[in-house]
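Report on the structure given below.
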């Protein structure tokens, strides 16, 4: 079984939300993070993440297979395609590569029933290839010109050559092989971390091989059919045996190299012809391209396979990518010697922060977060509660952050969390208080006569696109708001107004715009605003609920249709209502998350060295 581990900008969308507290008026402007890559807005902070919730069964219920063990069965590569989350898998030797995705009607994954497998044919052969040793595991996933691509890696000790498949739908039995095995060289046994690189307005799909004979190779295509090698083997050194990861930053393509002989390195090109070595680590054998974040490119240098020497993980960043410009960061992450490296897709940018997962075979994988590159804090219980869960790949999907993990005791698991962006204002009296960082403004004039006084502080948290999993079946937008004051004992009444756009309404499938109203989440169900308290302004596109006395979670509801993206969730809500964290985290939700980088691959402690 193979043991290789495969593995912006801030855009604001202002949305009006008016709230009257007694004689007070609150105006909320929701904001929308699309292609994340920037840090938090000024004067904001990353709120605490909710507990990581498992959303599949171990190894997707495929079992331990012929060898009655999950040993060396791992997770590889994650991507979002056509609004579905895909995770690549190394199943048992008898199964080979498997590719799982969320079903078309699933917006928020809650359990095993939300997933389907799409790589195996009717015979159970991965991508229809009866030579399972050739398609041992998914090595890379990428979307290029509207088509999904999946590469596979050979099982360790077998050299039939890596393969790449494409599909316009991602459906079972829709895959077409697009390269000769190993690009014509059977020693190219892996093809890792495919990435889209734009050169002179032309898009290229590129990735890197593992080749222990002549050195790692970079191959690219403009059309998905014709592939061309873009480097010299091993960049001139056969000892550069593995391209571990790739990344694009400031108009250049970067690749991270693994070499047990000369150490890890980073090479870059801006023309796919000339390559420059920009980083070298003699005492760390493998370098992963982590992610661009807030004007810097982050990389992670660690042990070759996570267990053979090399010392703890080290994180570096550079604003230019040139030699000599890299500065060491994240000392807290590397303080644990068991955090030996990260993996492809092990880092991503989500809701204004950089998240990075470590490989740790002693106490379990750790997820760390930074908003400035200097201060890092751990965001999970080590191993997600299981010491054997040693690695994770991270990806945002519909407003949540997902982790695709490897665990030789329980099989691979997918976990989900939600992490908001928050801003707090001290309340010194009546008047207006702006929350520009999260798009809010609150004007207080008085509390109710029964109140002990005005709030001492108000915190507004916003999070992109992550409503409670037990959704109403008629939400025109996947957006919810939660407002909290301190102290919580303050009493008030409020008029709550939310705004929608024509595009959001059209996407909701709601047939009767006049039926729009607000619904409040009470911790167990959605409660519609009483009809006598409703207002809807179709010209201004606002929906109001008057005389509100509780700042809980709110969303827009309607009649005449069920939103495509949430269809089916209501039926599953009884087994998936992990909503307490939203209320606790004071979340207000925007529209859409972004997709970040990809991770690398772990090697089991009980196996000899393998080529990944």
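The values are calculated or read from the model by the stated rules, or taken from the named source; none is laboratory data. Note that the structure is a prediction, hence the values are computed from the model and not measured. We place every Cβ from the backbone using ideal geometry, glycine too, and count neighbours over all the protein chains shown.
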Being out of contact with any helix residue (DSSP H, G or I) (no Cβ under 6 Å at 6 or more places or on another chain), modelled with pLDDT of 95 or more and not in a loop (DSSP other than H, G, I, E, B) narrows 320, 348 down to just 348
When you scan region 119-131, do you find a residue that is within 21 Å of residue 192 (Cα to Cα), touching a strand residue (DSSP E or B) at 6+ places or on another chain (Cβ under 8 Å) and part of a strand (DSSP E or B), even just one? yes
I'm trying to understand the selection: among the residues of region 209-225, which are within 22 Å of residue 165 (Cα to Cα) and exposed (fewer than 15 other Cβ atoms within 10 Å of the Cβ)? 223, 225
If you go through region 78-98 one residue at a time, do you hit one that is touching a helix residue (DSSP H, G or I) at 6+ places or on another chain (Cβ under 7 Å) and not in a loop (DSSP other than H, G, I, E, B)? no
Being farther than 27 Å from residue 104 by Cβ and crowded, with 22+ Cβ neighbours inside 10 Å is the filter here; which residues of region 50-72 pass it? 70, 72
Report yes if residue 56 is in a loop (DSSP other than H, G, I, E, B) and closer than 20 Å to residue 410 by Cβ, otherwise no. yes
Only residues that are surrounded by 21 or more Cβ atoms within 10 Å (Cβ to Cβ) and part of a loop (DSSP other than H, G, I, E, B): list them for region 132-155, please. 134, 135, 136, 154, 155
In the list 108, 118, which residue meets the criterion of being modelled with pLDDT of 95 or more and surrounded by 18 or more Cβ atoms within 10 Å (Cβ to Cβ)? 118
In region 171-208, the residues that are within 26 Å of the chain's Cα centre (by Cα), surrounded by 23 or more Cβ atoms within 10 Å (Cβ to Cβ) and outside any strand (DSSP E or B): 175
Residue 99 fails exactly one of (1) surrounded by fewer than 24 Cβ atoms within 10 Å (Cβ to Cβ); (2) under 21 Å from the mean Cα position of the chain (by Cα); (3) more than 14 Å from residue 397 (Cα to Cα), namely (1)
